[in-house]
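Notes follow once the structure below has been shown.
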Amino acid sequence: GENVEQHPSTLSVQEGDSAVIKCTYSDSASNYFPWYKQELGKRPQLIIDIRSNVGEKKDQRIAVTLNKTAKHFSLHITETQPEDSAVYFCAASRGIKAAGNKLTFGGGTRVLVKP
Amino acid sequence: KAGVTQTPRYLIKTRGQQVTLSCSPISGHRSVSWYQQTPGQGLQFLFEYFSETQRNKGNFPGRFSGRQFSNSRSEMNVSTLELGDSALYLCASSLEGQWTDTQYFGPGTRLTVL
């Protein structure tokens, strides 16, 4: 089955600096890659996603890049702010109707933005 | 629209008991997925229901089961509870359960098994 590895497990950055989280996946049939942010005691919330026919997607301070050949994708947060402190999860799923939308998650990255 | 809701929010059980958790999806959403979240294993997929049918299943023992009702509400059941079942159980709903559909998570049910 699909396996998603996420690095680093913890990341501490100074406010205003950039943060980068990397994920690799094993199933070459995966073609949908969402990123979720989970604040302490809260539910995971989608922050950005990317499909395999796109190499990069940006939404304000957040961007995601995808390298299908190497089977890895990354989350980039620029100009980090204290409210970016949370656990971030990458995920992957197969774009096949019969597969529904079963998500395989990475292990998570705890990001701490120091003021 | 109201978000995904889950009941109860907290539950304490003892080993050997069984438990039923409930999930109400966003109005109009027909797919409900369940995930187990633990510090050691992270977020793991349990199963997905669509139109009252289980469409996907993760690698969990048969003690974990679920169902979906005609109004798309879903329940999951865990029988013969073990200490290792202590976790946050999250459900997520999406419109049609298609691969591009965003999954919206509920607040979770925190289950503690003593």
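Got a sec? Charge dipole of the protein assembly as shown, +1 on Cβ for Lys and Arg, -1 for Asp and Glu; which of A:77, B:10, A:55 is way out at the positive end?
Farthest towards the positive end: B:10.
Roughly how many Å is it from the Cα centre of the range A:15-46 to that of the range B:24-87, as a whole number?
22 Å
Which whole number gives the average, over all residues in B:102-109, of C-beta atoms from other chains lying within 10 Å of the residue C-beta?
Rounded to a whole number, the mean comes out at 4.
Which one, A:108, A:10, A:25, projects farthest toward the positive side of the charge dipole computed for chain A from Cβ point charges (K/R +1, D/E -1)?
Final value for the positive-end residue is A:25.
Tell me the net charge near residue B:72. Cut-off is 15 Å between Cβ atoms, residue B:72 excluded, with +1 for each Lys or Arg and -1 for each Asp or Glu.
0
Net charge within 15 Å of residue B:112 by Cβ-Cβ distance, Lys/Arg positive one each and Asp/Glu negative one each, not counting residue B:112 itself?
Surrounding charge for residue B:112 is +2.
I'd like the mean, over residues of B:48-55, of how many other protein chain beta carbons sit within 10 Å of each residue's own Cβ.
2
Averaged across B:91-100, how many Cβ atoms of other chains sit within 10 Å of each residue's Cβ atom?
Rounded to a whole number, the mean comes out at 5.
Give the calculated FRET efficiency between residue A:71 and residue B:98 to the nearest 0.05, with a Förster radius of 30 Å applied to their Cβ-Cβ distance.
0.85
Step through the table entries A:22/A:57; A:71/A:114; B:13/B:57; A:22/A:114, compare each Cα-Cα distance with 27 Å, and write down the pairs that go over it.
A:71/A:114
Just so you know, all these numbers are worked out from the coordinates, no wet-lab data involved. The structure presented is a predicted model; accordingly, all values stated were derived computationally and were not measured. Methodologically, a virtual Cβ is constructed for each residue, glycine included, from the backbone with ideal geometry; neighbour enumeration extends over all protein chains shown.
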